[in-house]
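To start, the structure itself, in structure tokens.
Derivation of every value follows stated rules applied to the coordinates shown; laboratory data play no part. No experiment lies behind these values; they were computed from the predicted model shown. All Cβ positions, even for glycine, are placed from backbone atoms using ideal geometry, and neighbour counts span all protein chains on display.
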Amino acid sequence: MERKKALITGVTGQDGSYLAELLLEKGYEVHGIKRRASLFNTQRIDHIYQDAHVQNQNFFLHYGDLSDSSNLTRILKEVQPDEVYNLGAQSHVAVSFEAPEYTADVDAMGTLRLLEAIRFLGLEKKTRFYQASTSELYGLVQEIPQKETTPFYPRSPYAVAKLYAYWITVNYRESYGIYACNGILFNHESPRRGETFVTRKITRGLANIAQGLETSLHMGNIDSLRDWGHAKDYVRMQWMMLQQEQPEDFVIATGKQYTVREFITWSAAELGVKLRFEGSGVDERGIVEQIDGDKAPALNVGDVIVRIDPRYFRPAEVDTLLGDPAKAKQRLGWVPEITAQEMCAEMVREDLKVARRHALLKEHGYDVPVSLEN
Ligand code: NDP
Ligand code: GDR
């Protein structure tokens, strides 16, 4: 039997890298679209990418962009994929307030461009389509927990763009019989998470502080509640959704929620550092979080200051998200295997390794690449 071909947009991102690994393990020929950038941007997939000059490759990269229809159509024509995973997006909610038009072009129109290319090339019966939809669609929450039938109320240009993408995916399924599904994924993280999303900002920032590379952590709304899972568990479900007889939309979540503040506290406990919260938004207790005493001396860095900085507040916030993954469990037998706390510990461990390397460099007089942009 010929091996299946998959095309992944956003292959250089967090989910793209885990999904590419999964599909390669399953024997797929995997094609990914990467953007041209002035610096290397394939760090997350370098370990699975063989030298392009070697024969018998099963992982191929194509330059492309979701804003470019002719490019997408050409790649689809060349690859003739059995499955398309549309993971590419300007995926940062706060950035979408600063670049709303670009976000709409890539996240909304980009999805339409791919679906139109499938139709234009007559691939409706061959190519299955996965759309990376999001819990941000629920925004101003209408029901808790949120499930497939919960009404949407998007609260950012990102979420509004993703709302279009959600519905155009449904529409092409209903209008042209394309096997197209939405995975409505709640927040999922990993050591490969982009550095400016809240979890990674925390684990990276605190690891750097613990190693004396930074002095404080500047945060926005630490009282918002999220349902955090692990990206590895979630890409497994992306694949499972495309293996069904009939295309359907699924919520993917853990069914548990925690505050950003709790995530900070777990990370500090893992590192054995003490926290002190300062700045506007600090609660009435004056907030001194005492962390597990016997771990504290190990790094001996004193109190870590978490400063609340309104710069990270959003014009409209999504205060609480909690998903109900019952349908995914009943229909596909999917359950998440990694808890938020385990994931946090893994992220801290990985960021600490990097911070230690950087601290060693610094100790020996070399420059340390610590970006303060967050
Ligand atoms: P990332 O931000 O890590 O990755 C986004 C990917 O999209 C990167 O490969 C990026 O390329 C690429 N990309 C950005 N703009 C374009 C463009 N104009 N054309 C082509 N590719 C582009 O996101 P995640 O991996 O975390 O998320 C994957 C998808 O799932 C996204 O669509 C996101 O919106 C959605 N989602 C994510 C959730 C999460 O919690 N992680 C939850 C729900 C939905 P480059 O590397 O060059 O920047
Ligand atoms: P989110 O993720 O907006 O839910 O979107 P993010 O990690 O950016 O924010 C989560 C919550 O933390 C609050 N927060 C901060 N966020 C960031 N980034 N930086 C801070 O300093 C900070 N302080 C507090 C935020 O206000 C928010 O409430 C992610 C993305 O992956 C989307 O692409 C995806 O669709 C959704 O998850 C589900």
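Name the residues whose placed amide hydrogens come within less than 5 Å of the amide hydrogen of residue 219, ignoring near sequence neighbours (fewer than 5 apart) on the same chain.
So residue 219 has HN proximity to 307, 308, 309.
Which of 29, 174, 21 moves most in a GNM of the chain, Cα contacts under 10 Å?
174
Rounded to the nearest 20 debye, what is the charge dipole size of the stretch 5-185 about its Cα centre when +1 sits on each Lys and Arg Cβ and -1 on each Asp and Glu Cβ?
300 debye
Mind listing the phi-derived Karplus ³J(HN,Hα) values for the stretch 96-113, rounded to whole Hz, using 6.51, -1.76 and 1.60 with θ = phi - 60°, and x for any glycine or proline?
Rounded to whole hertz, the list is 5, 6, 8, 10, x, 6, 4, 4, 5, 4, 7, 7, 8, 5, x, 5, 4, 4.
If you fit an axis through the alpha-carbon atoms of helix 198-210 and take the longest principal axis of the Cα set of the chain, what angle between them do you get, 0 to 90°, nearest 10?
So the helix axis and the longest Cα principal axis differ by about 40 degrees.
Taking springs between alpha-carbon atoms closer than 10 angstrom, which of 57, 131, 211 fluctuates most in the Gaussian network model of the chain?
With Cα springs under 10 Å in the chain, the top fluctuation among 57, 131, 211 is at 57.
Could you order peptides 1-14, 346-359 by the average number of other Cβ atoms within 10 Å of their residues, highest first?
On the way: 1-14: 20.7, 346-359: 18.8.
Per-residue mean Cβ counts within 10 Å order the peptides as 1-14, 346-359.
Check which residues have an amide H placed less than 5 Å from residue 134's amide H, if you skip close sequence neighbours.
185
So, in nm, how far is label residue 342 from label residue 43 when the simple model puts each one 7 Å beyond its Cα toward the Cβ?
Placing both labels 7 Å beyond Cα along the Cβ direction yields 2.6 nm.
Treating only the Cβ atoms of Lys and Arg (+1) and Asp and Glu (-1) as charged, compute the dipole magnitude of the chain about its Cα centre; round to the nearest 20 debye.
The calculation lands at about 660 debye.
Helix 157-176 sits at what angle to the longest principal axis of the chain, using alpha carbons and giving 0 to 90 degrees rounded to 10?
The two axes meet at around 20 degrees.
What are the ³J(HN,Hα) values, in whole Hz, obtained from phi via the Karplus relation 6.51 cos²θ - 1.76 cosθ + 1.60 with θ = phi - 60°, for each residue of the stretch 323-329 in sequence order, with x given for Gly and Pro?
x, 10, x, 4, 5, 4, 5
Mind checking the angle between helix 260-271 and the chain's longest principal axis? C-alpha axes, 0 to 90 degrees, to the nearest 10.
Tilt of helix 260-271: around 70 degrees.
Provide the packing ranking of 160-168, 83-91, i.e. peptides ordered by the mean count of other C-beta atoms within 10 Å per residue, highest first.
The densest-packed peptide leads the list: 83-91, 160-168.
Give 4/327; 162/201; 77/232; 77/125; 147/256 a once-over and call out the pairs whose C-alpha atoms are over 18 Å from each other.
Beyond 18 Å: 4/327; 162/201; 77/232.
Given the rule -39500 (n - 2.57) for each run of at least 4 DSSP H residues, summed and divided by the residues of the chain, what is its mean residue ellipticity at 222 nm, to the nearest 500 deg cm²/dmol?
Computed mean residue ellipticity for the chain: -11000 deg cm²/dmol.
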